[in-house]
Amino acid sequence: MSDPDATLSDLLHETRTFPPPPELAEHANVTAEAFETAERDRLAFWERAAERLSWTARWDRALDWELPFAHWFPGGRLNVAYNCVDRHIEAGHGDRVALHWEGEPGDTRVITYQDLYGQVCQAANALAELGVRAGDRVAIYLPMIPEVVVAMLACARIGAPHTVVFGGFSAEALRTRIQDCDAQVVITADGGYRRGAPSPLKANVDAAVADCPEVRHVLVVRRTGQDIDWHERDLWWHEVVDRQSREHSPDAFESDHPLFILYTSGTTGKPKGILHTTGGYLTFVAWTHWAVFDLKPERDVFWCTADVGWVTGHSYIVYGPLANGASSVMYEGTPDTPHKGRWWELVEKHRVSILYTAPTAIRTCMKWGAEIPAEFDLSSLRLLGTVGEPINPEAWMWYRENIGRGECPIVDTWWQTETGGILISPLPGVHTTKPGSAIRPLPGISAAIYNDEGQVLPRKDTAGYLVLTEPWPGMMRTIWGDDDRYREVYWSRYPDAYFAGDGAKWDTDGDIWLLGRVDDVMNISGHRISTIEVESALVSHPKVAEAAVVGAADPTTGQAIVAFVIPRGATRTGTDGEQFVRELRDHVTHEIGPIAKPKQILVVAELPKTRSGKIMRRLLRDVAANRELGDVTTLTDSSVMDLIKEKLPTAS
Ligand code: WTA
């Protein structure tokens, strides 16, 4: 959020409360007692959560903790894919639907746990045939089709950590990720459908791996049938995978074996490879999915609308729900294709009972109008969730009234790529909810709010920085290949706590309200993008000398990217018009992807700098938000701001 103060005062006026529905509370998976149990013995609490999984060897201890490196359940061994698939079949649930998949053009697939088993075994056998061994990295760049789940589980089955790259990222972004983790196999598709148009996934892979000689194979799923180039390293998925045996006996891996690397934006230009491992992560996503969504696997239909390319998809489309034996809906496309009621049509069709989505999607639906969901039967819904950014009370109320019939509890879940799973959320059978508040840390989670000096603030009407003071099973292990950066980013602001990078507040009841990022990370439609990443993309354009990027409040996407650009002297002519701005936006799309495309680009002659040469983003944020300028006395030249403001009317 660009203006925490404004947000704070809005939130302070929010007084509505919604107690849990009695029926839900009575049968809830988790009750208030869990807090007492976890309070008495936090590690024993997490050990009980780990016992919900199947291990081939029990752990010796719950935790080895050498700050900041946690090893959960050392000595324990397990296979993630076995836990997500095989054991449900052994328990007699092979006929249960794992995925109700819906393609954007209207094609569908129903995949039972038994079907999933056969497909995962085939893919695991295929990867082994291609020479992938435990510990080798596999990059996955696929649309939202069942093969992405199969590919992830196949990697997990053979102990090969995957790195899933969101299909909306550019070839350039894909290349840096493949290179950072030395992936030797890439799994992709010819394309995928988004708003009716096939995306050029394979072409992006071709461009990316042209600079990755170590990539031995590219395995290609045929999804769209579009024309693609073919190289010696390319193999069709259906030719290699479909002929494999549908049986595969999995090895058990140690609890701390790497499961996946997922790249996320930080405050520098280089994305961080967040490493999650096996036993702690799976314990945590399975438990939180079961607890926060009150999942009853035998009758719920769960739908998380995220893309698997983000952590929400990893934890709450793939690993959490499948570990719990849930039935999920998975949808390939956008909510407005072919019409703006597509999501609600799917809720009606599959009798979805739990829906998990992002505030930005809710605000988009608000804009389209309540009459659209009103046309569908949403009576199957019993619980709603949100994630990704602070939800404004208005959107929360709209969600409850228009999607939840004014009855469904809403769980506003706070967490991060780094945390692996949900840390702060109401428990639907326990807590009274409030529009805009994430309510409480889950049982077994030690969250605190610190002031600047690192003192713990009392849980009553205080605001500061959100930290975690004890390790939890889903926490990241490190940044891939960079333990120092891990220490520096998360454990140096305060020596004794994990620094989340979010501002937060305790209200007078002791409930938590998240106030947005406190660093240079923007949150665009729930996606993290760093200002510096976009700045680097802009300055890599030959006509750009300097760039500064800020996030401005946006009614739909939460924040929108606003860029200030100084053109290079020699090429300055012809850089004032719309054509140049278009060129720059295309360039950022090419470098990072469409999600990072600035909404507004202002071409300026100077940027406001302090005497030590630091760009004063605070002032640019004021300009972007059309606010009175804050203190300009530390600027080298305060007239710079007048020049910038003059530019405003010509904004794109
Ligand atoms: C923000 C997504 C307020 C926050 C799971 C965090 C939220 C960042 C919420 C992580 C929420 C996520 N309320 N803010 N319920 N959930 N955030 O890594 O700023 O993509 O630090 O993980 O999103 O984004 P990430």
Review point. Taking a quarter of the surface of the convex hull around the Cα atoms of the stretch 483-540, what do you get in nm²?
Key: 5.9
Exercise for review: Measure off 7 Å from each Cα along the Cα-to-Cβ vector at Asn29 and Asp461, then give the distance between these two points in nanometres to one decimal.
Suggested key: 3.8
Exercise for review: Quickly estimate the mean residue ellipticity at 222 nm for the chain, helices only: each DSSP H run with n ≥ 4 gives -39500 (n - 2.57), and the total goes over all residues, rounded to 500.
Suggested key: -8000 deg cm²/dmol
Exercise for review: Could you grab the relative contact order for the stretch 449-571? Cα pairs under 8 Å, six or more apart, rounded to a whole percent.
Suggested key: 18
Practice item. Using amide H atoms built 1.01 Å from N in the peptide plane, name the residues 5+ places from Thr433, or on other chains, whose amide H lies under 5 Å from its own. Key: Phe18
**Study point:** Estimated distance in nm for a label pair at Thr508 and Ser639, the labels positioned 7 Å out from Cα along Cα-to-Cβ
**Key:** 5.2
Revision key, fill the gap. Taking 0.36 nm per residue of separation between Glu36 and Asp251 and subtracting their Cα-Cα distance, the length gained on full extension comes to 73.7 nm
Review point. Ordered by residue, what ³J(HN,Hα) values in Hz, to whole numbers, does the stretch 378-390 give under the Karplus form 6.51 cos²θ - 1.76 cosθ + 1.60, where θ = phi - 60° and Gly and Pro are x?
Key: 9, 5, 6, 5, 10, 8, 10, x, 9, 7, x, 6, x
Study note, to complete from the structure: A correct Karplus calculation of ³J(HN,Hα) over the stretch 369-374, with 6.51 cos²θ - 1.76 cosθ + 1.60, θ = phi - 60°, whole Hz and x for Gly and Pro, returns x, 5, 5, 6, x, 4
Study note, to complete from the structure: Here the stretch 451-456 yields Karplus 3J(HN,Hα) values (6.51, -1.76, 1.60; θ = phi - 60°; whole Hz; Gly and Pro given as x) of 8, 3, 7, x, 8, 6
Exercise for review: Calculate the tail of P(r) for the stretch 321-412: the fraction of all Cα-Cα distances greater than 14 Å, expressed in %.
Suggested key: 65
Review point. Which of Lys434/Lys505; Lys367/Lys597; Lys340/Lys434 have a Cα-Cα distance over 18 Å?
Key: Lys367/Lys597; Lys340/Lys434
Review point. What FRET efficiency do you get for Asn626 and Ser379 if R0 is 56 Å and r is their Cβ-Cβ distance, rounded to the nearest 0.05?
Key: 0.80
**Study point:** Stretchable slack from Trp236 to Glu129, in nm (0.36 nm times residue separation minus alpha-carbon distance)
**Key:** 37.1 nm
Point to revise | Distant-in-sequence amide H partners of Val544 (H built 1.01 Å from N, under 5 Å) | key: Arg568
**Study point:** the stretch 195-250, relative contact order in percent, only Cα pairs under 8 angstrom and at least six apart counted
**Key:** 31
**Study point:** Kirkwood-based Rg to Rh ratio, the chain, C-alpha trace
**Key:** 0.95
Check your understanding: What's the exposure ranking of Thr17, Thr176, going from fewest to most Cβ atoms within 10 Å?
Key -> Thr17, Thr176
Check your understanding: Taking only C-alpha pairs under 8 Å that are 6+ residues apart, what is the relative contact order of the chain in percent?
Key -> 14
Point to revise | Label-to-label distance, nm, for residues given as Thr432 and Thr334 (7 Å Cα→Cβ offset) | key: 4.2
Review point. Between Glu401 and Phe69, what length comes free when the chain is fully extended (0.36 nm per residue of separation minus the Cα-Cα distance, one decimal in nm)?
Key: 115.1 nm
Revision key, fill the gap. Output for the stretch 128-197: trypsin sites (Lys or Arg not before Pro) sitting in coil per DSSP, at most 11 other Cβ within 10 Å, listed by number, reads Arg133, Arg195
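Every read-out reported here was derived from the displayed coordinates using simple, explicitly stated rules and does not represent laboratory data. Keep in mind that this is a model prediction, so the values were computed, not measured. In this analysis, Cβ positions are derived from the backbone assuming ideal geometry, glycine residues included, and neighbour counts consider all displayed protein chains.
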